[in-house]
Structure formats: structure tokens, C-alpha cells
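Okay, structure first, notes after.
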Amino acid sequence: MINRFTLLIFCFCISLTSLTAQTITQTIRGKVVDEASQFPLEAVQVTVTLTDGKVLGGLSDEQGRYRVDKVPVGRQVVVFRFAGYQEVSLDNIEVTSGKEVILNVEMSESSYDLEEVELTARRSGEPINELAFVSAREFSVEETNRYAGSRGEPARMASNYAGVQGADDSRNDLVVRGNTPQGVLWRVDGINIPNPNHFSIPGTGGGPVTILNNKFLTNSDFFTGAFPAEYANGIAGAFDLRMRNGNNEKHEFSAQLGFLGTELMAEGPLNKESGASYLATYRYSTLQLFSFMGINVGTDAIPQYQDGAFRINLPQKNGSFFTLWGIGGLSTIDIVLSDAAAPDTSTLIYGDNDRDQYFSSNTGIVGLSYTYPFNINTYIKAGVAVSHASIFANHDQIFRHVESDLFVVDSLPAILDYNFKETKYSAVFSYTKKLDRRQTLKAGINIDFTQMRYIDSARMVRPSVGGVTTLDPWLTRWDADQGAALVQPYIQYRFRLQEKLDFTAGVTSLYYSLNKNSFSPIEPRLGLSYAMAPGKRLSLGTGLHSQTQSPYTYFYSNNTVGNDPQEYNLGMGLTKSWHGVLSYDMSLGKAMRLKAETYYQYLFNIPVELQTSSFSMINAGSGFSRLFPDTLVNEGTGRNYGLEVTLEKFFSNKYYFLLTASVFDAKYRGSDDVLRNTVFNGRFAFNALFAKEFALGENSTFNLGGKVTSIGGRWYGPVDDEKSAAALDIIYVDETVNTLQFDPYFRADLKLAFRFNRPKLTHEIAIDIVNLLDIKNILTLTYAPDHPSGNPIREEYQLGRLPLFYYKIDF
């Protein structure tokens with residue numbers, strides 16, 4: 001079915017190429033500013049060199065605006081040059097007929113005169129944040145579309161980078177250098193945001209589908225360690241996402257129909273004279289198509305979700321601008337098994353087999369920011385935001401028997417009811433001063449106040465004794481209504497000692513008002529970068545990082561007085577981690593680079609159980625289950641070290657490839673003081689991506705892309721059969737936790753994409769086949785007491801082959 005479907009699409013696309021042969025052009029425009037001060041740069045030379053050798057270009061005006069008209073559609077290289085500044089070369093800029101290409105560029109001033117040195121160019125992939133020397137990478141929206149299997153998501157795209165693993169087809173959690181996925185910090189326009197995923201589970205950083213649509217994002221940064229002082233409350237990595245402004249000269253629209261959603265987008269000017277603009281997106285899920293085609297997505301239930309975003313940019317006469325923005329998503333799924341007619345031998349990725357489950361999650365953020373570049377040396381940025389995240393869940397236990405090979409439901413008593421809500425009020429302020437061409441100073445503060453409301457009641461189902469299954473009384477496990485502030489001041493300094501030697505230093509502090517133990521007064525961050533020769537750079541980074549625990553874990557209790565839970569973990573302190581990174585980056589010509597990084601992380605103050613056990617918070621943060629901790633103390637430790645290599649061929653000559661390989665070791669000690677593998681210690685990860693573009697006529701292209709991933713399996717241990725039967729859940733033998741490893745994860749993806757440009761209109765048709773070879777990768781073990789096979793311990797597998805088709809039109 002997939003082959004016929006793909007062939008039909010391909011033939012249709014080929015037929016479209018004959019409709020027009022005229023040369024179609026588009027406009028490239030934008031704004032150029034100083035990287036440190038955000039002040040507009042006048043007289044910047046902007047050039048586009050075409051394949052026939054012809055050069056198009058222009059100069060920026062006093063407001064930093066530039067414009068290059070009549071650029072032929074296709075992939076182009078745009079170069080920015082300005083006296084006393086490092087050249088910026090942007091490769092692989094995709095020009096289409098349906099939308100203008102808007103490139104807003106930040107240029108870095110050289111620390112020496114042109115006569116003294118030969119300036120080097122800043123290229124695609126280098127981080128936007130000039131204070132990050134190691135373990136940082138800029139990613140583009142185009143990459144989220146280009147990488148096979150990425151599904152247009154920043155997180156799934158980032159899993160292709162060295163040191164980053166996904167290894168779970170049902171979720172987009174990120175394991176960075178063996179750390180827990182909950183150690184990743186998410187920011188949008190400088191604001192710390194909640195988990196930006198549909199169907200999110202408390203205490204996790206991922207989910208099945210993101211609410212972040214790549215259509216409203218612009219180039220952003222991703223960090224995997226030793227990040228600058230402005231980033232705090234994260235021990236593993238950080239996403240620093242940027243939303244783009246809408247087109248301020250013409251109205252443009254986009255529509256997309258695909259298996260993951262029906263999408264609409266509109267952007268355009270609000271006031272052409274002032275340059276005010278708007279951008280709005282909306283997506284509604286269309287996963288019902290999978291059911292119609294008989295494709296397994298891990299559950300027979302149909303997930304329902306929708307999300308949207310907006311951004312309004314209001315420039316002011318003094319060069320400053322206000323920006324109002326928002327992102328939100330609603331999701332719900334009802335997994336109803338009580339109406340099943342016959343026993344099922346399969347297991348569910350998204351739920352349990354012995355109950356009806358009703359789940360919904362809602363997330364929303366609204367923010368207002370103000371940016372004011374005073375002059376060529378100074379600018380300030382301030383912002384406020386309100387975010388809200390809520391999760392609701394209800395479970396009904398299924399009591400049934402079998403008659404004539406059919407299920408008969410006896411009763412459906414409720415066994416779980418929980419409602420978690422978090423409302424966060426955020427404020428940020430930063431002041432950046434370029435002291436001179438060698439020195440830059442940045443200081444600021446980030447403040448979050450979170451109001452938490454957690455309600456949860458449950459009752460245990462006791463196994464059948466003499467043919468009678470009983471229910472325990474209701475137990476209130478959460479009943480909390482409390483607020484807490486997170487305050488993080490920071491200061492950062494960069495000093496270019498000479499053109500080849502660069503130094504950065506910073507310090508931050510983290511205070512969490514929930515208890516007296518959550519205060520980290522001084523967290524230093526240091527970086528050093530040395531250009532050994534043209535195209536060769538050696539860099540070093542180190543720093544202390546800390547993070548609060550997942551908020552809901554502070555308030556859990558399995559002990560109540562009356563109906564009042566007696567919380568015993570309110571005093572948990574911060575988890576901390578020292579990072580050290582050594583990096584070597586070498587250019588292999590104009591279109592290729594080799595990068596190698598080695599790192600060591602020492603983690604301490606990790607919550608572990610007061611009683612002797614193997615438990616550690618370092619293993620939490622992924623999956624579809626919450627954590628129900630016993631009494632915890634900040635006495636656990638861990639250590640991660642590894643080597644990462646990246647070989648990247650930037651898009652040129654109609655093809656690109658990316659090879660990443662990591663070898664690492666991640667271990668921890670619980671309160672039993674035994675050094676063990678973390679759950680995420682796969683020990684190796686390998687990714688190979690490629691894409692080739694074929695011209696089909698003058699204005700059409702066909703893209704063939706692929707990806708191969710191999711990652712070491714996650715760790716588990718022998719199952720304690722007696723305790724598992726009593727708890728109706730998998731319970732491992734504590735002494736041998738994480739002594740067994742699942743088989744390595746392997747997946748191959750294939751993406752076919754066709755783009756057809758007509759005057760003022762672009763069509764794009766693509767199919768992304770995830771898990772092309774239909775490999776059955778083991779995800780975890782589950783406990784299914786009523787399983788027809790008679791064995792309650794089941795292996796749960798990842799998703800099988802998944803064809804993702806979409807059709808998009810820009811106009």
C-alpha cells in the first residue's frame with residue numbers, strides 16, 4: 001500500500017513539472033545588527049552568487065535593512081560583509097516562490113583592525129550566543145524539515161546531534177550525554193517555559209507530539225553542556241528557541257494537510273509605515289487517518305490535539321520594539337478497553353491493558369517583551385509572561401470474564417483521579433554593554449513564581465483470592481496548594497585577548513523559595529577558545545550547574561492523617577553537576593567540518609532514598625508514568641564521560657550528509673553506594689543522515705533523504721515476581737537493578753519530498769517513512785495480569801513502520 005501510494009504521488013509530481021518552464025524569482029531581505037548591542041548596521045554588503053556566476057546584492061540602510069530582488073528559486077548562499085566585522089556566510093538558504101526569504105543577521109565585530117588580521121567567516125551551524133564556545137549548535141527551521149524522521153520537531157531533530165539520543169519512537173524525550181531527560185531546559189524568547197509537548201506527564205521533558213510548530217520558529221541554539229551563565233535550572237542541556245516575526249511588507253499564507261495534523265498559517269503587515277507585523281499558526285490533529293489505513297500507532301484510541309501560536313511585533317520610533325507572543329496546546333486521549341469484544345494479545349505503548357483511561361493535558365504561554373538598542377554599544381531586553389499547564393487523568397478498573405471467547409464486563413469502578421495544575425508568572429531583564437571591540441558584558445535576572453495545585457486520589461486493586469478481587473479504600477496522595485519563587489541573577493563577560501584567543505567568564509546563582517536547602521549561591525562558568533590555525537579551533541568550557549526537582553515530587557505522600565497527606569520530601573535540595581568539555585573544530589574546505597568533543601560530568605546532591613536502595617532521581621524523567629518516591633535525601637552521586645565526533649557536509653553541490661558518533665559511560669550511586677549503570681547508559685550512539693536534491697525542470701526539485709540510527713539499549717534488571725504480582729506492576733529486584741541491557745535500538749528512515757514552484761505559489765508533497773525496515777525495538781517491560789498468554793510480564797515494543805505524508809502550499 002505504501003509503495004503504490006508513494007508511486008502515485010511521485011507520478012503526480014513529475015507531471016506538474018511540465019506546467020511551467022519560466023524562470024521564477026523571489027526576494028531575500030531582512031535586517032543586519034551588531035551581535036553584542038543589537039544596533040542596526042548601515043552599509044553592510046549583502047551578496048548572492050548564482051550558479052551561473054552572476055552576483056546579486058545590495059547594501060543595508062541606516063536601519064540595517066537590506067533587500068535583494070529577483071533571486072531565482074532554489075538553494076542559495078548569502079554572504080554578509082562589513083568593514084571591521086567577521087564575515088557571515090549562510091549556506092543552503094532555500095528560496096521558494098510562495099514566500100519571501102527574511103534573514104535577520106547578527107554580525108560580530110573584530111577585536112583588531114583589518115590590516116592586522118585576516119577575518120574568518122561565521123558559518124551556518126555556529127551558535128547564535130557568542131558566549132558559548134563548546135557543546136553548542138545553532139539549528140535552523142530548514143533542518144527540522146530536512147532530516148528524515150524528525151517530523152518537523154526541534155527535539156527529534158536534535159536527537160541526531162552527537163551526544164544526544166532519543167531511542168523512543170513513542171516520545172521525543174532527549175537523553176543528553178546519559179543524563180535524565182528532565183535535565184533539559186526549555187526557553188522561548190528568554191522565558192523558561194513548561195514542557196512544550198502534547199500528552200505531557202509530570203516530571204518529564206518530552207511527549208509524543210510537540211506543540212512547537214517549526215513554522216513560527218527562527219534559527220535557535222541548542223546546548224549539550226557547560227552552557228553560559230544566563231542558563232540555569234538545567235543540568236543536561238538547554239533549548240534557547242526564538243520565534244520569528246511575520247512579514248512586515250506583504251501578507252502570506254500557508255496550508256498543510258498531513259497525517260500529524262491540518263495546519264494553517266498567516267502572516268503580514270499590521271502597519272507598513274511602522275513595520276508592525278503579525279504571525280499566527282493553528283494545527284488540528286488528523287490521526288484518524290492512521291485508523292483508516294490500518295496503521296498501528298501504539299493504541300487503538302485516537303489522540304486528539306490542537307495547538308497554535310501568535311506573534312505581534314510593534315517597532316517604535318526610537319528603534320526599540322514591543323513583541324506580544326503566545327503558544328498553546330490542548331490534547332486528550334480516551335483509551336477505552338472495556339468495550340473490547342475478545343481478548344487481545346498485544347500490549348499498549350500509551351497505557352495499561354486492565355483499565356479504561358481518560359487523559360488530557362493543556363499548556364499555554366503568553367508573553368510580552370521589550371527590546372531597546374540605545375546605541376552601537378548598549379541594549380536592554382525585558383519581558384514578562386504567564387504560563388499554565390494542567391493535566392487530568394481518570395482510570396476505571398475493568399472487571400470482566402470470558403464467555404464463549406468473548407468479554408463480558410462485570411463492573412468499572414474508578415481507581416484513579418488526579419488533577420495537576422501549575423501557573424507560572426515570569427519576568428526577565430538583561431543589560432548588554434560592549435565595553436570596546438574586545439570586551440562585552442551582559443548581566444540580567446530571571447524570575448519565575450509558580451503556583452502549584454496538585455490533587456490525586458487512588459485505590460489499589462488487590463489480586464483475586466478465592467475468586468474475589470477487592471479494592472482498597474481511597475488514598476489521597478497529593479493535596480497541595482502552594483507557591484514558590486525561582487530567582488536567577490547572572491553576569492557574563494567576554495574578552496578577546498587577541499584575534500586568535502577568546503575568553504569568557506560568568507557566574508550565576510539559583511534560589512528556590514520552597515525550602516532552605518534549594519540555594520546555590522555561586523555557580524561559575526568559564527570558557528576559552530583558541531584558533532590554532534585558519535579553520536582549526538581548540539576550545540575549553542567548564543561550569544557548575546544546578547536544578548530543582550520536578551515540583552510535584554516535593555508534595556507526594558503515601559501516609560495520610562485523616563485525609564491529609566503528610567509530605568516528607570518538602571526539604572529536597574538542588575541536584576548539582578560540574579561540567580568539563582574539551583572541543584576541537586576543524587574546517588575541511590568551505591563545505592565540510594569535523595568536530596570532536598570529550599567531556600566529564602560529576603553529578604552530586606541527587607535525591608536517593610533514605611533507606612538503603614538502588615533508587616536515584618537520575619533515572620527519572622521519561623515515559624508515561626509519574627514517580628511515587630519514598631523519603632528522599634540529597635546524597636546520591638553520578639558521573640558521565642564520553643567522546644563525540646561529528647563529520648558534517650553542509651548542503652552544496654545538491655547534497656549534504658551528517659555523521660555523528662558517541663561513546664560514553666553514565667553511572668550513579670544510590671543510597672546503597674553501589675556503582676550502577678543509569679537507565680540511559682546506552683554506551684554508544686551512531687547517526688548517519690544524507691539528502692540529495694535533484695532538479696526536475698527549472699523550478700522544481702525532488703529530494704531524497706535518509707537516516708540510520710543505532711543506539712545502545714536501556715538498562716533494567718531481573719523482575720521480582722512476587723512483588724510485581726502484589727503491585728500489579730513491574731518491580732525489579734533491588735540488588736540487581738540495571739544489570740541487564742535491552743538489545744541495541746536500530747532504525748532506518750526514508751524521506752521523499754517534491755517541491756514545485758509556480759509564480760507566487762509553492763507546492764510541497766512529502767512522505768517520511770519512519771522505521772522503514774519495520775524493526776521491532778524493545779522499549780520496556782510491562783505487567784499485564786489478565787494477558788491471555790498466562791505470562792503477565794510482557795516485552796513492550798517501539799512503533800513499527802510509520803508513513804507520514806503531508807501536502808503543503810505557500811502563497
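The values are calculated or read from the model by the stated rules, or taken from the named source; none is laboratory data. Owing to the predicted nature of the structure, the values given are computational and were not obtained by experimental measurement. With ideal geometry, Cβ positions are generated from the backbone for all residues, glycine too; neighbour counts draw on all protein chains shown. Heavy atoms of the whole protein, side chains included, go into the accessibility calculation; ligands, DNA and RNA do not. Shrake-Rupley method; radii C 1.70, N 1.55, O 1.52, S 1.80 Å.
Rounded to the nearest 10 degrees, the angle from helix 2-16 to the longest Cα principal axis of the chain is 20 degrees.
Let a ≥ b ≥ c be the square roots of the eigenvalues of the Cα gyration tensor of the range 322-456; is it rounded (a/c under 1.5), or, if not, prolate (a/b larger than b/c) or oblate?
Working: a/c = 4.79, a/b = 3.62, b/c = 1.32.
Prolate shape, in that a/c is at least 1.5 and a/b is the bigger ratio.
For the pair residue 406 and residue 722, the difference between a 0.36 nm per residue extended length and the Cα-Cα distance amounts to 110.8 nm.
When the helices in the chain are scored as -39500 (n - 2.57) per DSSP H run of 4 or longer and the sum is shared across all residues, what 222 nm value do you end up with, to the nearest 500 deg cm²/dmol? Walk me through the numbers before you get to the answer.
Working: 5 runs with 39 residues, N = 811.
Value at 222 nm, helices only, nearest 500: -1500 deg cm²/dmol.
Distance between the modelled labels on residue 316 and residue 692, one decimal in nanometres: 5.5 nm (7 Å Cα→Cβ projection). Once all protein chains are placed together, residue 578 keeps about 100 Å² accessible to a 1.4 angstrom probe.
Residue 512 sits with roughly 20 Å² accessible to a 1.4 Å probe, with DNA, RNA and ligands left out of the calculation. On full extension, the segment bounded by residue 262 and residue 469 gains 70.0 nm, given 0.36 nm per residue less the C-alpha separation.
Fully extending the segment from residue 55 to residue 251, taken as 0.36 nm per residue of separation minus the present Cα-Cα distance, adds 67.7 nm.
Accessible area of the range 373-465 with a 1.4 Å probe: how many percent of it is carbon plus sulfur?
Numbers: 2580 of 4420 Å².
The C+S portion of the solvent-accessible surface of the range 373-465 is 58 percent.
Within straight-line reach of residue 99, meaning a Cα separation under 12 Å, sit the following aspartates and glutamates at least 8 residues removed in sequence or on another chain: 249, 252, 267, 810. Among 198, 388, the sequence by solvent-accessible area, most first, with a 1.4 Å probe is 388, 198. Hey, with R₀ at 41 Å, roughly what FRET efficiency would residue 631 and residue 334 work out to, going by the Cβ-Cβ distance, to 0.05? E between residue 631 and residue 334, to the nearest 0.05, is 0.70. With Cα atoms defining each centre, the range 642-716 and the range 557-618 are spaced 22 Å apart in the structure. Rounded to a whole number, what % of the accessible area of the range 55-113 do carbon and sulfur atoms account for, probe 1.4 Å? Within the range 55-113, the accessible surface is 48 percent carbon and sulfur. When all protein chains stay in place and ligands, DNA and RNA are ignored, the 1.4 Å accessible-area order of 764, 273, largest first, is 273, 764.
Arranged from highest to lowest average of other beta-carbon atoms within 10 Å per residue, in what order do the peptides 26-32, 771-777, 500-506 appear?
Numbers: 26-32: 21.1, 771-777: 16.3, 500-506: 18.6.
Output ranking for 26-32, 771-777, 500-506: 26-32, 500-506, 771-777.
Of the peptides 558-571, 225-238, 36-49, the ranking by mean beta-carbon count within 10 Å, highest at the top, reads 225-238, 36-49, 558-571.
Measuring with a 1.4 Å probe in the full set of protein chains, what accessible area per residue, in whole Å², belongs to the chain?
Working: 32350 Å² over 811 residues.
Dividing the accessible area of the chain by its residue count gives 40 Å².
Ignoring aspartates and glutamates fewer than eight residues from residue 442 along the same chain, the ones with Cα atoms less than 19 angstrom from its Cα are 34, 35, 106, 109, 130, 189, 221, 230, 240, 502, 523. Which of the aspartates and glutamates could a cross-linker span from residue 649 if the Cα-Cα distance has to be under 12 Å and same-chain partners fewer than 8 positions apart are dropped? Correct list for residue 649: 91. The simple Förster model, with R0 at 41 Å and r as the Cβ-Cβ distance, assigns residue 501 and residue 386 a FRET efficiency of 0.40. Separation of the range 409-453 from the range 734-765 is 30 Å, based on Cα centroids.
Ignoring ligands, DNA and RNA, what percent of the accessible area of the range 557-676 is carbon or sulfur (1.4 Å)?
Answer for the range 557-676: carbon and sulfur cover 56 percent of the accessible area.
Taken along its three principal axes, the alpha carbon spread of the range 623-778 comes to 67, 36, 28 Å, from the longest extent down to the shortest.
Taking all protein chains together, 513, 662 sort by accessible area into 513, 662, largest first [probe 1.4 Å].
If you take the beta carbon distance between residue 532 and residue 736 as r and set R0 to 45 Å, what does 1/(1 + (r/R0)^6) give as a FRET efficiency, to the nearest 0.05? Write out the running numbers ahead of the final one.
Numbers: r = 48 Å, r/R0 = 1.07.
The pair residue 532/residue 736 has a calculated efficiency of 0.40.
Too long at a 31 Å Cα-Cα cut-off: which of 70/707; 667/707; 215/381; 215/590; 421/516? It would help to have the intermediate numbers written out before the result.
Details: 70/707 35 Å; 667/707 29 Å; 215/381 24 Å; 215/590 29 Å; 421/516 24 Å.
Over 31 Å apart, Cα to Cα: 70/707.
Summary value for the range 434-523: 28 percent relative contact order, contacts being C-alpha pairs under 8 angstrom separated by 6+ residues. Each peptide in 443-456, 301-314 receives the mean, over its residues, of other Cβ atoms within 10 Å, and ordering these scores from highest gives 301-314, 443-456.
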